[in-house]
Structures are given as C-alpha cells and as structure tokens.
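A short worksheet on the structure shown next.
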Amino acid sequence: MNSINFSTTTLTFLAPCLFTLVVFLLFFEQISYLRKRKNIPGPVLVFPFLGSAISLVRHPTKFWDHQSSLAKSSPAGFSANYIVGRFILFIRDSDLSHKIFSNVRPDAFHLVGHPFGKKLFGEHNLIYMMGQDHKDLRRRIVPNFTPKALSTYTSLQQIIILHHLQKWDQLSSGKPIPLRFLARDMNLETSQTVFVGPYLAPEARERFNADYNFFNVGLMKLPFDFPGTAFRNARLGVDRLVKTLSVCVEKSKANMKKGKEPTCLIDFWMQETVKELTALSETAAAPPPNTSDVEIGSYLFDFLFAAQDASTSSLLWAVTLLDSHPAVLAKVREEVESIWLPESDSLITGEQLAQMKYTHAVAREVLRYRAPAPMVPHIAAVDFPLNESYTIPKGTIVFPSVYESSFQGFSEPDRFDPDRFLEERQEDRVFKKNYLSFGAGPHQCVGQRYAINHLVLFIAMFATLLDFKRHRSDGCDEITYVPTIVPKDDCLVSLSRRCARYPTLSLH
C-alpha cells in the first residue's frame, strides 16, 4: 500500500516537471526553426518533430509546388521548411544551385541523393565520396564510357528495347495500357544486361527485381527502420543487391584476367582494374582503394539507381510529349526512316545514331522540359554563406531544384521546343547554366552519354515501330513523384504495330 502511495506521489510530483520539459522542448524547437529561417519564405510555425513530413509523403507534388511558389515570392530565390527534425532549404535560383553543386567537399556540402540516403544506400557509395578519393574513382570509371564501350551498350539496348516493344504491342492489342511499370521493367533488364551482362543468372534476376522493388517503395516512405517497415525492407534489399553485384564483379575480374573481350560495363571497368591490380601484386603493394568486390558492387548499385528511375521517367515523358506534339513526332519519324529501316534487320550503328540530330534534340528537350530527378539533396557540413544576407545553418538539407532551373533563361521555356537544341540556336550552350538535368560540379553524371543514347534509341524505335495514342483524362499530364517525376496517369496509351514487320536484331 505504501509503495502504491509512493508511486502516486512520485508521479504527481513528476507530471508537472515532465509537462514543463515537453513544453520547453517544443518551444525550443520552434525558436530554433525560426532562427534558422530568419526572414526567408516558409511556414511561420511547424508541427513538432515531424514538421511538414506528412504532407511531403502524402502529396509530394503539392508540397514542392508550394516551396517553389514561396521561393518565387522572394527575390532571394529560395524558401524554407522543416522535415522530421531537419531544417530544409529549397533553392530555385540557378546561380545559387550552381553554388551548391560546385561546393561538394568536406567543409561545405555533402551530396546525399536522398534525405535519409546514408541509411538506405550504405557507406560504400559513390554519392557520398568527395575529394581525391572521388576523383580517383571517376578516373577508374572513364573506360566504361568510351566510344567502344558505348557501341557495345547500344547494341544490347536495342535488342532489349525491341523485345519489350513487341511485348507492349501484344499486351495492348489496341487497348490502353499504362507504360510506367512496363518501362521500368524494360529499363531494369537493360541496366542488368548492360552493367553485368552474363554474370547475373535468370534466377538471380528474379530476386534482384524483387529487391529493387523493395528499394523503390522504401524511397518514398518515412525512415522508420523497424522490422516489417517499408524502409527496413528497402535497406535490407539494398544489402542483398550489393552482395549480388559483388559476385558479378568477382566473376568479371576472373574473365578479364583470362584476357576475354568485354561484353558489358563491368568488363570494361574490370579490364583496366585487373591490369592495375596485377601490376601491383608483382611489387607486393597493397591494392588501391575502391577496387574490392564489395566496393565496386556498391558503385554498380549507384549506377543502377541513377540509370533506372531517371531513365524510366524520361521514356514516359518522351511518349507523352510526342503524342501531344504530332509535328515533332512526324519529324522524328522522317529523320529516323531516312537513316535506318526496320526491314534492314540491322542494328542502329553508332554512326547512324550520331546522324539523328533532330531526335537527339528531342531527347535533350524532354530532359529539360521534364527533368527526371527534379532535385538533388545536399547537407550543409558547416555554416555556409549562400549570399550576402543569408548563411545556411550547419545540418540543413538543401534542395537545389534542377526542374526550376530548366524554366529559367531559355527562350519561351514553358514551350516544348526541340529546335532550341539544334545547331542554329544552341540553347544548351547559350543557357548552359540552366541546363542541369545531369547535375553540375564534381558529381555531374558520368554516364550522361549513355543515358542520352538510351533515350534517343527508345524514341527512334518507339516512333518508327509503333503507332500510339495517349488516352487522356483530366490531370493526366500532372507531375507525380515516385521519387522521380512521371505523368499522373502512368502514361496510359494504346499501341499497335506501325512497321510492315518487326526487325530481327542480334549481336552477330
């Protein structure tokens, strides 16, 4: 009885103290947020701890549109908010975005790729590297994107694209089908085949696809890392994906040691790496950093992430924009058919691909008009002076908006106009600072030539081999974050064969 009375007395005594502590912490959180926000646009008060996280997860398009509107309302060109205990800054101004991109270093900004990326992607990750270590790794990656390597990839890409277009035609049979997940599956097979080729067995591909789906779902969820949560499933899925890719690296090294010809990206990479490791082994020197199977497997996952979702976004917007701009579609078909015909049963060569000037312009305009990765999050490692009147507080998550930059500077930026990228106008050079679809600074996308080739090949083959019609509904072209941007209706189209017959393509 006495112990019960003692507990009741203790609780009675502690309750006001706990209440006072909670009130103090909430008050301190609001004051801390307001001190960081200063006079820049943003919410006046924020919900405790979560901030605007719920609205970000439930309605990401509306959330980022609001941040953009706030940034436009101020001459500063940026706005603030608060997400899960973190102060965030949305940057609309292109010059300020470049300032972030060009200052990725230990004493300025760290690229994170995702607000909770380190938990999700792991430590061995190209995204988080900087300085000399990062430069050395990019030097090792160069052999992956030589003309010879790109030519190998374009052959693989075409065969996979053709296979999937035929499958889409059969699925549609003249009826509307959503392309989003079909395009994602096509890109996943393309990435797997181009990056690790013969080293990923069919059964491993099935597990790979399931794990990558876990990862995709987890990207859009709050970072609650508990058993059964989407975020935990995503993190464990990434671990398994890296292990699978590490095995592929090991097999590629063995083949390159035997002097075999490269057949995929990891072979081109390992061809040079094996030479370096062999030379060092003769001197008993330690292997250089970033050459172990697990490290390279992690970097391959980065490539997969960069190529997969961004590419899916671009393909969907290409179909959407070609459908809504029939004159552009007609010019693409005319150009492609003057260079390559399906009846030839031959792959599009590198030389033929280079001749498709207008189709390249269309691809670049798709990437400008609907930049697939609209923002690239960074974390401020120190207090950083953004301009004369505002210093970004240490720990702030900064979102330079690639999407917003794409609608600055260019002539009639709200108009889809591939001609801007032709030789006569060269707006990609004139407004270079605003064309940030592949980023800028030390972390600018190293595989952009590969990405553009893939988009050009898809546009050329899709437009030439298929007739298609978009089944439009109210709001179908609105942007949805998944986490890259896609049409709200997942690009609902009906398809039918346009060519006399599908080509028969092979590597031999």
**Q.** Full-stretch length increase - T229, D65 - with 0.36 nm per residue and alpha-carbon distance subtracted
**A.** 56.2 nm
Q) Across segment 469-508, how large is the tail of the calculated P(r) beyond 12 Å, expressed as a percent of all Cα pairs? A) 69 percent
Q.
I'd like the Karplus ³J(HN,Hα) series for segment 404-412: coefficients 6.51, -1.76, 1.60, θ = phi - 60°, whole numbers in Hz, and an x wherever there's a Gly or Pro.
A. 5, 4, 5, 10, 10, x, 4, 5, 6
Q. If you stretched the chain out fully between E388 and K119, how much longer would it get, using 0.36 nm times the residue separation minus the C-alpha to C-alpha distance?
A. 93.4 nm
**Q.** Net length gained if the chain between E423 and N213 were fully extended (0.36 nm per residue, minus Cα distance)
**A.** 71.5 nm
Q | Rg to Rh, two decimals, where the chain supplies the alpha carbon set and Rh follows Kirkwood | A | 1.01
Q: Using only alpha carbons, build the gyration tensor for segment 116-247 and give me the equivalent ellipsoid semi-axes, biggest first, whole Å.
A: 28, 24, 13
Q. How far is helix 230-257 tilted off the main Cα axis of the chain, in degrees rounded to 10, range 0 to 90?
A. 40 degrees
Q.
Are there any trypsin sites (Lys or Arg not before Pro) in segment 228-259 that are in a DSSP loop and have at most 14 other Cβ atoms within 10 Å? List them by number.
A. K258
Q: Name the longest site-free stretch of the chain, where the excluded sites are GluC sites (Glu not before Pro) in a DSSP loop with no more than 15 other beta-carbon atoms within 10 Å.
A: 124-281
(Q) Looking at the calculated P(r) for segment 209-307, what percent of the C-alpha pair distances fall above 17 Å? (A) 58 percent
(Q) What is the angle, in °, between the Cα long axis of helix 265-281 and the longest principal axis of the Cα atoms in the chain? Nearest 10 is fine, range 0 to 90. (A) 80 degrees
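Based on the Cβ-Cβ distance of Q444 and T20, what FRET efficiency does E = 1/(1 + (r/R0)^6) give at R0 = 45 Å, to the nearest 0.05?
That pair, Q444 with T20, gives E of 0.30.
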Q) Between R105 and Q30, what FRET efficiency comes out of the Förster formula 1/(1 + (r/R0)^6) with R0 = 45 Å and r the beta carbon distance, rounded to 0.05? A) 0.90
Q. Taking segment 88-188 as the region of interest, what is the percent of Cα-Cα pairs per 10 angstrom bin, listed from the shortest bin to the one with the maximum distance?
A. 11, 24, 25, 27, 11, 1
Q. Angle between the Cα long axis of helix 60-72 and the longest principal axis of the chain, 0 to 90 degrees, nearest 10?
A. 80 degrees
Q: Kindly write out, for segment 375-391 in residue order, the coupling ³J(HN,Hα) from the Karplus curve 6.51 cos²θ - 1.76 cosθ + 1.60 (θ = phi - 60°), rounded to whole Hz, with x marking Gly and Pro.
A: 9, 10, x, 10, 10, 6, 7, 9, 5, 10, x, 7, 8, 5, 10, 9, 10
Q.
Are there any chymotrypsin sites (Phe, Trp or Tyr not before Pro) in segment 17-86 that are in a DSSP loop and have at most 16 other Cβ atoms within 10 Å? List them by number.
A. F49
Q) Taking a temperature of 4 °C and a viscosity of 1.567 mPa s, what whole-number D in µm²/s does Stokes-Einstein yield for segment 24-97 with Rh from Kirkwood over alpha carbon pairs? A) 103 µm²/s
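Coordinate-derived values only; no laboratory data. Note that the coordinates shown come from a computational prediction; the quantities given were computed from them, not determined experimentally. Counting neighbours? That spans all protein chains shown, and the Cβs are built from the backbone with ideal geometry, glycine included.
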